[in-house]
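The values are calculated or read from the model by the stated rules, or taken from the named source; none is laboratory data. Note that the structure is predicted; figures quoted are calculated from it, not measured. Methodologically, a virtual Cβ is constructed for each residue, glycine included, from the backbone with ideal geometry; neighbour enumeration extends over all protein chains shown. These area figures cover heavy atoms from the full protein model, side chains too; ligands, DNA and RNA do not enter into them. Shrake-Rupley method; radii C 1.70, N 1.55, O 1.52, S 1.80 Å.
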Amino acid sequence: MAITDYNSLVDHLKTALAIEHATVAPYLCALYSIPEGSNHEAQAIVRSVVMEEMLHMTLAANVLLAVGGTPVIASADAVPRYPAFLPHSDKRFQVQLLPLGPEALKTFLLIESPAPASAPPEGDNYQTLGQFYAAVEDGLKTCTKKYGEKKLFSGKRHLQVPPERWYYGGG
């Protein structure tokens, strides 16, 4: 589904926020399942992914704020319930809260799998997050042309998290 108007863009940016929100907890569960004082390398790797997912969530919220939308992450409806499909995905797999192990790693590989070069942008029923974000990027370009940059990006800048406050400088 192509993103061709403001309401669709805001809906997809809210979906982006929900997608990133849905990925943080599985990585945290895997991280906290590693016994304290053991496997420092695995802890560092998983922790770095948690931080990146939190950064992605911040960026999605910032873009939503930039176009005048309102991020919601603290309501009961916004908190993911697991196992769950990623929002608006093609439902190929469910994300679960698991200890670090083969099943968790399989899920992480599915979450992080890149889109094939020939994969079209997909705002809904996407197979990869790359396809979803390509659709959002196309939607931002389309809406910028349609409404003009000044009108589209008229949100409250002071509500955005500035780069100097991103987690660990961005990852």
- Message: Considering only segment 125-147, I want to know if a residue exists there that is modelled with pLDDT under 95, within 16 Å of LEU64 (Cβ to Cβ) and not hydroxyl-bearing (Ser, Thr, Tyr).
- Response: no
Is at least one residue of segment 150-158 in contact (Cβ under 8 Å) with a residue 60 or more places away in the chain, in contact with a helix residue (DSSP H, G or I) (Cβ under 6 Å, 6 or more places away or on another chain), assigned to a helix (DSSP H, G or I) and open to solvent by 40 Å² or more (accessible area, probe 1.4 Å)?
no
Counted residues in segment 102-126 being of a type outside the set (Gly, Ala, Ser) and either open to solvent by less than 100 Å² (accessible area, probe 1.4 Å) or touching a Phe, Trp or Tyr at 6+ places or on another chain (Cβ under 8 Å) (or both) come to 12
Checking ALA60, ALA74, ALA78, ALA66 in turn, the sole residue that is open to solvent by 60 Å² or more (accessible area, probe 1.4 Å) and either over 12 Å from the mean Cα position of the chain (by Cα) or under 15 Å from THR15 (Cβ atoms) (or both) turns out to be ALA74
Those residues of segment 6-43 which are of a type outside the set (S, T, N, Q) and open to solvent by 60 Å² or more (accessible area, probe 1.4 Å) amount to TYR6, ASP11, LYS14, TYR32, PRO35, GLU36, HIS40, GLU41
Cβ pairs under 9 Å, 6+ apart or interchain, first in segment 1-18 and within 15 Å of THR144 (Cβ to Cβ), second charged (D, E, K, R) and surrounded by fewer than 22 Cβ atoms within 10 Å (Cβ to Cβ), ordered by first then second residue, are ALA2/ASP138; ILE3/ASP11; ILE3/ASP138; THR4/LYS146; ASP5/LYS146; TYR6/LYS146; HIS12/ASP124
ARG81 meets each of (1) within 27 Å of PHE153 (Cβ to Cβ); (2) part of a loop (DSSP other than H, G, I, E, B); (3) without any contact (Cβ under 8 Å) to a residue 40 or more places away in the chain with one exception, condition (1)
